[in-house]
1. Select one label from [x] 1.20; [y] 1.86; [z] 0.98: the one whose number is Cα Rg over 2.2 N^0.38 Å as derived from the coordinates shown.
2. Can you give the % of DSSP beta bridges in the chain that are antiparallel, to the nearest 5?
3. Counting each DSSP H run of 4 or more residues in the chain as -39500 (n - 2.57), what helix-only mean residue ellipticity at 222 nm follows after dividing by all residues, to the nearest 500 deg cm²/dmol?
4. For a quick check: sort PHE22, PHE87, PHE97 by the number of other beta carbons within 10 angstrom, fewest at the front.
Amino acid sequence: MIHLENEDFKELVKEGKVLVDFYATWCGPCQMLAPVLEEFAKEHKDIKVIKVDIDLHEDLAQEFGIMSVPTMQVYQDGVLKRTESGFLPKELIATWFQED
């Protein structure tokens with residue numbers, strides 16, 4: 001799991017399967033989702049999980065139109081495939097990465 005700091009966001013999402021979690025430290029549902037994503041990252045080593053604190057990265061939150069947290073985005077080789085908001089169970093999140 002990567003907690004975005006000074007890394008280049010676009011560089012991080014440009015290859016492979018990526019799950020991005022836009023969150024805030026003051027957000028209750030975000031705090032509930034954190035351990036779920038920790039488990040998800042351990043169980044799905046082929047999927048890069050990136051956490052983006054919207055208070056530290058307001059520019060990214062604005063660029064992607066993040067209006068509520070938590071909001072998760074799914075990328076495949078740099079292409080945004082899905083955006084979902086709110087607390088969701090790990091099993092549902094895993095279905096986003098199943099091949100059609």
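1. The listed entry that was calculated here is [z].
2. Values: 12 of 21 bridges.
Percentage antiparallel, nearest 5: 55.
3. Values: 4 runs with 33 residues, N = 100.
So the helix-based figure for the chain works out to -9000 deg cm²/dmol.
4. Values: PHE22 25, PHE87 13, PHE97 17.
Ascending number of Cβ neighbours within 10 Å: PHE87, PHE97, PHE22.
Bear in mind these aren't lab numbers, they're just calculated from the coordinates by the rules spelled out. Values in this document were obtained by computation on a predicted structure and should not be read as measured data. Every residue, glycine among them, receives a Cβ derived from its backbone with ideal geometry; neighbour counts consider all protein chains shown.
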